[in-house]
Amino acid sequence: MASILTNLFDGVAYGMLLFVLACGLAVTLGLMNFVNLAHGAFAMAGGYICAVLVNNSGWPFFAALPLAFVGSAVIGIALERALYRHLYSRSHLDQVLFSIGLVFMSVAAVDYIMGSSRVFIKLPAALEGQIDLFGVGIGRYRLMIVVICGLLTLALQLILAKTRFGSRLRAAVDDPRAAIGLGINVPQVFAFTFAFGCGLAGLGGALSAEILGLDPYFPLKFMIYFLIVVTVGGSSSITGPFLASLLLGIADVAGKYYVPKMGPFVIYTVMIVILLWRPNGLFGRTAAR
Amino acid sequence: MSALSDVSTHAMATARWRISEVAFWVLALACAFLFPSRYLIMTDIVRLGLFALSLDLILGYAGIVSLGHAAFFGAGAYSAGLLALHGIINEPVIALVAAGLVAAVLGFLTSFLVIRGVDLTRLMVTLGIALLLEALAERFSDITGGTDGLQGIEMQPILGLFAFDMFGKTGFFYSLIVLFILFLLARRVVHSPFGLSLRAIRNNPLRAAAIGVPVNRRLIAVYTLAAFYAGIAGALFTQTTALASLDVFSFERSADLMLVLVIGGTGYLYGGLIGAVVFKMLQELFQSLTPQYWLFWIGLVLVVIVMVGRARIHRWVLFVPNLIIRQVAGRKAAVAVPEGDAS
């Protein structure tokens, strides 16, 4: 019983991590209908920024996390202004090719600068080990992830629902043309959202180094996971991707624990079945227009 | 009636063999005798060209974007490997066709998944199928050899006459002949009314359906055909290299394939073949420059191609040949920008 709960908790932590990693992708896809396979590269950038700051410069872990966010966001906005914005009106094939190219470049560049072996971030002692909660062993690090990601999710939901920017964003997602007609600066909204999504991915990358492993092939290895979150969850709200991430996280942890021989088989099958049943995602109205 | 005859005259005219096409194949054959020490890499190019031809059938003619075309390559590779390893079909040509058929069956079954949904769903489903097969191949390691791959494959002579030699001469001619035959078939198919209807679907599925083209059935048919081609390419890979490992299913293989096709241009069949030559040369060049980090340059090529625009690059490349043709033959340039890039 206790082990089931521990696994469930690990699954939730994993899922929330996936959500932070992937929600930026969900928004960019829903907003501009842009297929960005290079989202994982921004996560990797955040992870490496955090690793360099903590391991080489001796920053405390919690001070490095915001820097990972800012660093990835800056890279994101630079690329958005320089390259991405020219491709919004292109075909999906062009977008796919472009973002695959970016992934390849980021993989080789990181390999060149940082080496190909897995990088570990030195964690503060307070985050190591487990605490015992009503007889259920809970990893401290995972508890921290659940807390941080939970707070982030709440904050995102509040921003979307309560702020002026949130309502602009929602309007732009629902119908960009009508939004432009109402005087909303959609490209600006998009650039800001893109940067924010990249920042979140960077934060997620920094947090996930301990759990998912951080090496130059990160963007390729986890590309499919981000895409699953987005396609299954739909991209018209953030509740959809959130639930999809939790499902994916729990299913993946449970699958690896109880049927280790099946490997990633379960996840792919579930994804294909869901996409057949609801081509626009479980919770989405329109995954892609 | 006259409109119908117009269409058929036009189709016949475009289907006619051009001098440039004949020259292309003569050149391909000439390479075999010009570079006798380079059989292995040339076989590689031929194989890649066939694989890209297969993707061109669905991407260039039917407009299906696939991120998991390696699934069929892998299915063909493993089928050919298993057939040879267990001595089920010893004759390579029959085994080749059998492996292609296995891939075609797989293509037929998965085509129902692929034709549903929009581009993004298709990307996901094709990618998912390839990953699924890779996971399966790893899981059933007692059949597939797991991460070690199939080992100890021994190929029998082709048609009982031509044994595979260590320099790859037989392998090269074998691959080239297979490519040529399949190319002729593909050429026939895309210039047939069936091929025309595919183009109509690519340009506008809704309109195609409105004029009575059975969209889904056509897509299933061409997807199955493309899977067959990819399976043959995979089987050639196993037969000429005598190995099959998990990386036949890898995402990089599918992604590289897209690059090959994009370099050459989609929708006129030669794109895959030309792209394969250019891609392999680029790869060799990058690998000699920076052995470990050539992936970076491949990525850069992709980004640059997309940023500059595929159609524009092809216009630049074709500028010189067109100029020569205009000057020498004194007529309108025969080498046109492939129409698939217009979209």
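FYI, it's all coordinate maths here, none of it is from the lab. This is a predicted model, so every value here is computed, not measured. Cβ placement follows ideal geometry from the backbone for every residue including glycine, while neighbour counts extend to all protein chains displayed.
Shape call for region A:54-200 from the C-alpha gyration tensor, a ≥ b ≥ c root eigenvalues: rounded (a/c under 1.5), prolate (a/b greater than b/c) or oblate? Intermediate results must be reported in sequence, preceding the final value.
Details: a/c = 2.54, a/b = 1.40, b/c = 1.82.
Cα axes put region A:54-200 in the oblate bin.
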**Message:** Which one, A:Asn55, A:Leu160, B:Ile88, is farthest towards the positive end of the dipole of the protein assembly as shown when Lys and Arg carry +1 and Asp and Glu -1 on their Cβ?
**Reply:** A:Leu160
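Determine the dipole magnitude for chain A: charges of +1 sit on the beta-carbon of Lys and Arg, -1 on that of Asp and Glu, nothing else is charged, the reference point is the Cα centre, and the result goes in debye to the nearest 20.
Details: 18 positive and 11 negative charges, 121 e Å.
With only Lys, Arg, Asp and Glu charged at Cβ, the dipole is about 580 debye.
In whole percent, what relative contact order does region B:52-117 give with Cα contacts below 8 Å and a gap of six or more residues? Mind dumping the intermediate values first?
Details: 31 pairs, mean separation 18.7, N = 66.
28 percent.
Averaging sequence separations of C-alpha pairs under 8 Å and six or more residues apart, then dividing by the length of region A:2-217, give the relative contact order as a whole percent.
The normalised contact order for region A:2-217 reaches 45 percent.
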**Prompt:** What's log10 of I(q)/I(0) for chain A at q = 0.09, 0.14 Å⁻¹, Debye sum over Cα points only, no solvent?
**Reply:** -0.42, -1.04
**Asked** Over what distance in Å are the Cα centres of region B:115-140 and region A:105-126 separated?
**Response** 29 Å
**Message:** Going by average Cβ density within 10 Å per residue, which order do the peptides A:240-253, A:51-64 take, highest to lowest?
**Reply:** A:240-253, A:51-64
**Prompt:** How far, in degrees from 0 to 90, does helix A:61-82 lean away from the longest principal axis of the Cα atoms of chain A, to the nearest 10?
**Reply:** 30 degrees
**Complete:** Filtered hits (aspartates and glutamates, Cα-Cα < 16 Å from A:Lys122, offset >= 8 within chain) -> A:Glu210, A:Asp215
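Partner chain Cβ atoms within 10 Å, averaged over the residues of B:254-260 - can you pull that number for me?
Values: counts 1, 8, 2, 0, 4, 4, 0.
Average per residue, whole number: 3.
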**Complete:** For region A:2-217, whose charge dipole is built from +1 on Lys and Arg Cβ atoms and -1 on Asp and Glu Cβ atoms, the candidate among A:Ser106, A:Ala195, A:Ala41 with its Cα farthest towards the positive end is A:Ala195
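Using a Förster radius of 41 Å, what is the FRET efficiency between B:Leu323 and A:Gln188 based on their Cβ-Cβ separation? Nearest 0.05, please.
Working: r = 45 Å, r/R0 = 1.10.
The pair B:Leu323/A:Gln188 has a calculated efficiency of 0.35.
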**Request:** Compute from the Cα atoms of region B:86-232 the Rg and the Dmax, the latter being the longest Cα-Cα distance, and quote both in angstrom.
**Result:** 18.8, 56
**Message:** Could you work out [θ]222 nm for the protein assembly as shown from helices alone, using -39500 (n - 2.57) per DSSP H run of at least four and dividing by all its residues? Round to the nearest 500 deg cm²/dmol.
**Reply:** -24000 deg cm²/dmol
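What FRET efficiency comes out for the pair A:Lys162/B:Ser5, r = Cβ-Cβ distance, R0 = 51 Å, nearest 0.05? Spell out each step's value before the answer.
Values: r = 67 Å, r/R0 = 1.31.
After rounding, the FRET efficiency stands at 0.15.
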**Message:** Output needed: percent of Cα pairs per 10 Å distance bin for chain B, bins running from 0 to the one holding the longest distance.
**Reply:** 5, 24, 34, 25, 10, 2, 0
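Per residue of A:217-230, how many C-beta atoms from partner chains lie within 10 Å of its own C-beta, taken as a mean? Intermediate results must be reported in sequence, preceding the final value.
Values: counts 0, 0, 0, 4, 1, 0, 3, 6, 0, 0, 6, 3, 0, 2.
So the per-residue partner count for this stretch is 2.
Return the average number of partner chain Cβ atoms within 10 angstrom of each residue Cβ along peptide B:286-296. Show your work: numbers first, answer last.
On the way: counts 1, 0, 0, 0, 2, 0, 4, 6, 2, 9, 10.
Mean shielding count: 3.
What shape does the protein assembly as shown have by the C-alpha gyration tensor, where a ≥ b ≥ c are the square roots of the eigenvalues, rounded means a/c under 1.5, and otherwise prolate means a/b greater than b/c and oblate the rest? Let's see the in-between values first.
On the way: a/c = 1.85, a/b = 1.47, b/c = 1.26.
In terms of gyration-tensor shape, prolate.
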